[in-house]
């Protein structure tokens, strides 16, 4: 029996699962809290927990990680230099190039190509050399993008060789990440990739070190945004391809658990921090061919089309100034979980309940240190020493924090920064607490959950159970609304709507028995719900949407399952176009360009080299038993409507190599 280990780092939990490779039978699973400031800590704990439950000779480890996505959204990453070849005079309308690239260190170098792959002007290697040496002391990696570099990568490759020769630092070329045109987005994508290289290398090294400590001698794979796997060696070079790795692993895991090879299905993964929604069309995940978007960045990375919303079991429950109840999008630690680790929280909540004031800001919320040994950089506010002393003693009520700060409105940005950096964590009332109060979920301290709900209920003049029922229903309604939004967008809705649209959806989800206008929504495909809390919320979601519901066995660790059951997939795209002036045909391969006088020899050459490149790429990405598939698409157009022959435009070959991950030999 061959045992494999899948690991998923979610926003709240890091899951680990051991599977029998031949049958995908689940042998053991475990969870650990995700440590956002250092993902390796949570990964190590999850690995320890699952191996303690079922010691095994692990022959493959596979990881899905939120590191790349979080780093891009939060603006983190290593310092880089972008080298743009042939962009002069072609990007004048862009404006803020520094903002597009995410770095102030870039150089415009003469060179580049035209759309047919011929040289626009000679590459200025001396300018490239000067730029590389100028920025070398200040950067950790280089991003290289040539104008029409996907049609001829010669200049990009020449500059990459120069970077390696002069600095030895990592360098990524645009043509290595995408075959598509769009010079600016390609430059953005390669710049993001370069920024992520040191971060993902550090995480992979930490995981590999844990594997060594646990005696695991096995390959390490990483989940890509399209659901396939790649070796850690390739992941270190192309970390941007791991964006949306976590949500995508959930789609793959859910598909594995329910089967449904030919069905239309709606996959919904509800975690502690977010809810991710994806559609399977005839059993296949729908890809976002235009490239994944993360935060404000539009990349050219192919990924499964996932709709993510800031809503989960640990979403903050709060009131606005008009006393309207909201859930999310901010994630906080549930009070029940905090009290399970810090029992004094219950006494602090009792003290707050005994106070006569109902409108004290921050009642029922706490701050606590997640990184006790940190040393803050930059300016230090006058109250910092007193605040840190209080926090080192344990979780601190937010109203006490505000008193220590004296002017909390002035220093609000200070607390926000400390939370974003993972130094402080906030705890408060969440749907998980409401589920504890109502008895749906009893993992942690029920009294703390009740006391927190009681504080908010008093502010709303509600009974505690009534408030908690409202929280759970509001959460389910939000999920149902997001499912509808995802389906409408997939079917062409452009996002523009008016008050009537919102009113009709709200009326369908919250019908009024006496209203003359009754609305209902019917979602035809079954909903497959995965994630630890789904049994609490999704029966109502299914009822609201009149859709069948499936909650598979092991739904709580579907993400970790998805991290290890995928295949290695490598694609090579080849373009063949006619040469209008000289005659004949030009083949644009990922690594070179070649001309032919006739089409079929050009296609044969392209297929032969495409097969070789795809096979080599899959093998390097960790695949065994590789299968090759070639799709050919000839594109023509009529000369005129109703008469004449079609004219030949181009041929596109897509060569796909697929294989299962190579296990460690025993």
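Values quoted throughout were computed directly from the atomic coordinates according to the rules given, and no laboratory measurement underlies them. Computed from a predicted model, the values in this text were never measured in an experiment. Virtual Cβ from ideal backbone geometry, glycine too; neighbours counted across all protein chains shown.
How big is the Kirkwood radius of segment 202-346, worked out from every pair of different alpha carbons and given in Å to one decimal?
Working: mean 1/r = 0.0560 Å⁻¹.
Computed over segment 202-346, the radius equals 17.9 Å.
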Find the centroid of the Cα atoms in segment 557-627 and in segment 142-175, then give the distance between the two in whole Å. 20 Å
Extension gain residue 121-residue 263, at 0.36 nm per residue separation less the Cα-Cα distance, in nm? 45.9 nm
Quick one: compute a quarter of the convex hull surface over the Cα atoms of segment 568-661 and quote it in nm². 6.9 nm²
Using alpha-carbon coordinates, inclination of helix 446-460 to the longest axis of the chain, degrees: 80 degrees
Expected output is a single nm value to one decimal: the length gained when fully extending between residue 133 and residue 582, i.e. 0.36 nm times separation in residues minus the C-alpha distance. What is it? 157.6 nm
One finds, for residue 461 and residue 407 with R0 = 51 angstrom and r their Cβ-Cβ distance, a FRET efficiency to the nearest 0.05 of 0.95
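Quick one: 592, 155, 138, fewest Cβ neighbours within 10 Å first, how do they rank?
Values: 592 13, 155 30, 138 10.
Going from least to most buried by this count: 138, 592, 155.
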Under 8 Å for C-alpha pairs, at least 6 residues apart: give me the relative contact order for the chain, rounded to a whole percent. 13 percent
Between (1) 1.14; (2) 1.00; (3) 0.96, the structure-derived Rg/Rh (Cα atoms, Kirkwood Rh) is (2)
May I ask you to list the residues of segment 422-465 whose amide nitrogen lies under 13 Å from a point 7 Å from Cα along the Cα→beta-carbon direction of residue 350? 447-448, 451
Need one word for segment 394-507: rounded, prolate or oblate. Basis is the Cα gyration tensor (sqrt eigenvalues a ≥ b ≥ c); a/c below 1.5 gives rounded, then a/b vs b/c decides. oblate
Fewest to most neighbouring Cβ within 10 Å: what's the order for 113, 256? 256, 113
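What percent antiparallel are the DSSP beta bridges of segment 508-666, to the nearest 5?
95 percent
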Going by alpha carbons, how many degrees (0 to 90, nearest 10) lie between the helix axis of 599-620 and the longest principal axis of the chain? 40 degrees
Can you sort 436, 380 so the residue with the fewest Cβ neighbours within 10 Å comes first? 380, 436
Mind checking the full-extension length gain between residue 22 and residue 2? Use 0.36 nm per residue of separation minus the Cα-Cα distance, one decimal, nm. 6.5 nm
Would you mind checking the tilt of helix 245-258 against the longest principal axis of the Cα atoms of the chain, expressed as 0 to 90 degrees and rounded to 10? 80 degrees
For residue 517 and residue 442, FRET efficiency with R0 = 56 Å and r from the beta-carbon atoms, rounded to 0.05? 0.85
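With the cut-off at 1.5 for a/c, could you classify segment 124-256 from its C-alpha gyration tensor as rounded, prolate or oblate? Intermediate results must be reported in sequence, preceding the final value.
Working: a/c = 2.77, a/b = 1.51, b/c = 1.83.
Oblate is the answer for segment 124-256, as a/c is 1.5 or above yet b/c matches or exceeds a/b.
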Residue 322/residue 604 FRET efficiency (R0 41 Å; Cβ-Cβ; nearest 0.05): 0.05
Kindly provide the Kirkwood hydrodynamic radius of segment 76-196 in Å, to one decimal, from all pairs of distinct alpha carbon atoms. 13.8 Å
